[in-house]
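The numbers here are math on the coordinates, done by the rules we state, and not lab data. Everything numeric here is computed off the predicted structure, so don't read it as measured data. Positions of Cβ are backbone-derived with ideal geometry, glycine not excepted, and every protein chain shown enters the neighbour counts.
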Amino acid sequence: MHLPEPMLKLVESFMRLPGIGPKTAQRLAFFVLKMPDKEVLSFAEALHSVKTDIMFCQECQNISDSPVCQLCQDGSRDHSIICVVEQPKDVIAIERMQEFRGKYHVLQGAISPMDDIGPEDIKIKELIHRLSDERIEEVILAMDPNIEGEATAMYLSRLIKPTGIKVTRLAHGLPVGGDLEYADEITLAKAIEGRKPL
C-alpha cells in the first residue's frame with residue numbers, strides 16, 4: 001500500500017526510535033492520524049519541549065529543566081557519597097529503590113574504543129572536578145556490567161584511588177530467584193568473586 005507523503009514521513013520518523021520496526025511505526029502513524037488535533041499538538045509540543053527545555057545539571061550532568069537539578073538541590077542528601085552512572089535512566093533506576101541517599105554523577109556514556117568514544121568524550125573531567133570537594137568520602141561506580149562499563153570503571157578507579165577517596169563497585173552476580181543452571185559463565189564468575197561471609 002502506498003502511503004501519502006506526510007504519513008510516510010511520520011512512519012520514517014517513528015522508525016528512527018529504538019525498538020520500533022516498520023509495522024509498529026505504521027500502526028503508530030495511523031494512531032496519530034485518529035488522534036484529536038488538540039492531542040496531536042500537545043504531543044508535538046512535548047517532543048519540542050524535551051529538546052528546548054531540557055539541559056544537563058551543572059553539578060551532576062543529569063537531565064534537568066533548571067541549571068541545577070532537584071536531586072542536587074536536595075539538602076537532605078548525603079554529600080559524602082557520589083554514585084557514578086552512565087546515563088540519566090540509571091539514576092531513575094537507582095532512585096526507584098528508595099535506598100540510596102547520596103549524590104549522583106552521570107557520565108553521559110561509557111568508554112568504548114570500538115565506537116570511538118574515549119575518556120574525553122564523556123563527563124569524566126566534570127567528575128574529577130567535583131572530587132575536590134573535601135566532604136566526598138566514597139565514589140560508587142555503577143556502570144553496566146558489560147565490556148564498556150568494565151573499561152570505564154577500571155579507568156575511573158585508577159584515576160580516583162590516588163586521591164584517597166574510597167572507590168566501590170556495584171556487586172554483580174545471581175539474581176534473586178534465579179537458577180544456577182541458567183546463569184552464564186560471567187555472571188557465575190562475578191557471583192563467586194563477590195561472595196560474602198555469612
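Please order Met97, Met15 by the number of other Cβ within 10 Å, starting at the fewest.
Met97, Met15
Taking the chain as the reference, fit the longest principal axis to its C-alpha atoms, fit the long axis of helix 5-15 to the helix C-alpha atoms, and give the angle between the two in degrees, 0 to 90, nearest 10.
Helix 5-15 sits roughly 20 degrees off the main axis of the chain.
Kindly put Tyr104, Tyr182 in sequence by how many other C-beta atoms sit within 10 Å of each C-beta, fewest to most. Please list the in-between numbers first.
Working: Tyr104 26, Tyr182 9.
In increasing order of surrounding Cβ atoms, one gets Tyr182, Tyr104.
Per-residue ellipticity at 222 nm for the chain, helices alone: DSSP H runs ≥ 4 residues times -39500 (n - 2.57), over residue total, nearest 500 deg cm²/dmol?
Numbers: 8 runs with 85 residues, N = 198.
Computed mean residue ellipticity for the chain: -13000 deg cm²/dmol.
Considering amide H positions built from the backbone, and no H for Pro or chain starts, which residues 5 or more places from Ile117, or on another chain, come under 5 Å of its amide H?
Residues meeting the amide H criterion: Ser112.
Tilt of helix 88-97 relative to the longest C-alpha principal axis of the chain, in degrees (0 to 90, nearest 10)?
70 degrees
Given R₀ = 25 Å, what would the calculated FRET efficiency be for Ala189 paired with Met114, taking r from the Cβ atoms and rounding to 0.05? Each step should come with its number before you reach the end.
Details: r = 23 Å, r/R0 = 0.90.
The pair Ala189/Met114 has a calculated efficiency of 0.65.
Picking from Met55, Met143, Met35, which is most flexible by a Gaussian network model of the chain using Cα springs under 10 Å?
Looking only at Met55, Met143, Met35, the largest GNM fluctuation is found for Met35.
One quarter of the convex hull surface, Cα atoms only: what value does that give for the stretch 5-53 in nm²? The partial results should precede the final answer.
Numbers: hull surface 14.8 nm².
In nm², the orientation-averaged hull projection of the stretch 5-53 is 3.7.
Over its Cα atoms, what ratio of radius of gyration to 2.2 N^0.38 Å does the chain give? Walk me through the numbers on the way to the answer.
On the way: Rg = 21.3 Å, N = 198, 2.2 N^0.38 = 16.4 Å.
The chain yields a ratio of 1.30.
With θ taken as phi - 60° and the coefficients 6.51, -1.76 and 1.60, list the Karplus ³J(HN,Hα) couplings across the stretch 31-47 in order, rounded to whole Hz; mark glycine and proline as x.
5, 4, 4, 7, 5, x, 3, 4, 5, 5, 5, 4, 5, 5, 5, 5, 4
In nm, give the distance between the simple-model label positions of Met154 and Lys166, each being 7 Å from the Cα along the Cα-to-Cβ direction.
Those two pseudo-labels are separated by 2.5 nm.
Sticking to Cα atoms, compute the Rg of the stretch 85-198 to one decimal and its Dmax as the biggest Cα-Cα distance, whole number, in Å.
Radius of gyration, then largest Cα-Cα span, for the stretch 85-198: 15.3, 46 Å.
Among Glu99, Glu148, what is the fewest-to-most ranking by other Cβ atoms within 10 Å?
Listed from fewest to most nearby Cβ atoms, that is Glu99, Glu148.
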